[in-house]
């Protein structure tokens, strides 16, 4: 019995939730997968899976094997990838995940600049507002705006992403411009709901020198930041948005920053990746490139933050 092969198939069945999907991923027949699992069960002398016509579930022994074997197989995959990548450090693919708003505004310029020096390295970019399990999804590097990602990841804060309260000139012409927090609370505002939980994200404000989280009376809420930006641009209401998303609108006069001293600025842009000692050389090159770019005075995000401060300074 090829133990590595049958254990790999067992892990594939558990992750896929069916013999058929696991067989498709392994490019073999479902019958071959089923036979391999039966062989493994016979070798161990225990049942690993409960099988019905509609559902697969793990036995206690199967759950234990999955818990013990999955990390080892990931290490084996990384070891094989290290051998492959060591043959040519300047070629291969890097898989990245990020929210859509960061993908277009941040990743595209970074990828373009990186590939000017390393044209043999390609990218597979997965855009999603959901937080992705990097190991399970086989993602090399992730980017996220907000607070630092989970502790089991290596996270680098690349730069601050200031927030700005803004509105369209048309809205301000119709409703007036608020000059205090009390006045702002009587205006029509937009709001953002987290895509996963559906919870409203409070505005981050500075009141009497203290940072507070304030629920604002939203007339329209969104679970997509790009759509919220478009709504504010269209005059639906006043929004608190990331400055990097609206810097062009602020500079062009399509939006106007209001109450510049009221927005807090604790939101950051993070790059994160799994904790592992054997990172492929091409991924290490990209991680170092992004870290260095975020420190440079010519970095696009630094320029965006500077543009934001210039347009919102009292």
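The figures follow:
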quantity	calculated
Sole residue being under 28 Å from residue 108 (Cβ atoms), part of a loop (DSSP other than H, G, I, E, B) and touching a residue at least 24 places away in the same chain (Cβ under 8 Å), chosen from 129, 124	129
Residue under evaluation residue 89, criteria (1) under 30 Å from residue 284 (Cα atoms); (2) modelled with pLDDT of 85 or more; (3) not in a helix (DSSP H, G or I), criterion not met	(2)
Among the candidates 197, 221, 190, 227, residue that is within 28 Å of residue 107 (Cβ to Cβ), assigned to a loop (DSSP other than H, G, I, E, B) and not assigned by TED's automatic domain parsing to the domain that holds residue 130	197
Residue 56 being in contact with a strand residue (DSSP E or B) (Cβ under 8 Å, 6 or more places away or on another chain), farther than 22 Å from residue 138 by Cβ and outside the structural domain of residue 138 (by TED's automatic domain parsing)	yes
Test: residue in segment 47-54 that is within 16 Å of residue 2 (Cα to Cα), in a loop (DSSP other than H, G, I, E, B) and without any contact (Cβ under 8 Å) to a residue 60 or more places away in the chain	no
Index of the failed condition, residue 103 passing every other in (1) touching a helix residue (DSSP H, G or I) at 6+ places or on another chain (Cβ under 9 Å); (2) modelled with pLDDT under 85; (3) part of a helix (DSSP H, G or I)	(1)
Within segment 287-302, considering residues that are farther than 16 Å from residue 157 by Cβ and in contact with a helix residue (DSSP H, G or I) (Cβ under 6 Å, 6 or more places away or on another chain), the one modelled with the highest pLDDT	289
Condition check for residue 239: farther than 30 Å from residue 90 by Cα and surrounded by 21 or more Cβ atoms within 10 Å (Cβ to Cβ)	yes
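The values are calculated or read from the model by the stated rules, or taken from the named source; none is laboratory data. Note that the structure is predicted; figures quoted are calculated from it, not measured. Heads up, the Cβs are rebuilt from the backbone with ideal geometry, glycines too, and the neighbour counts pull from every protein chain shown.
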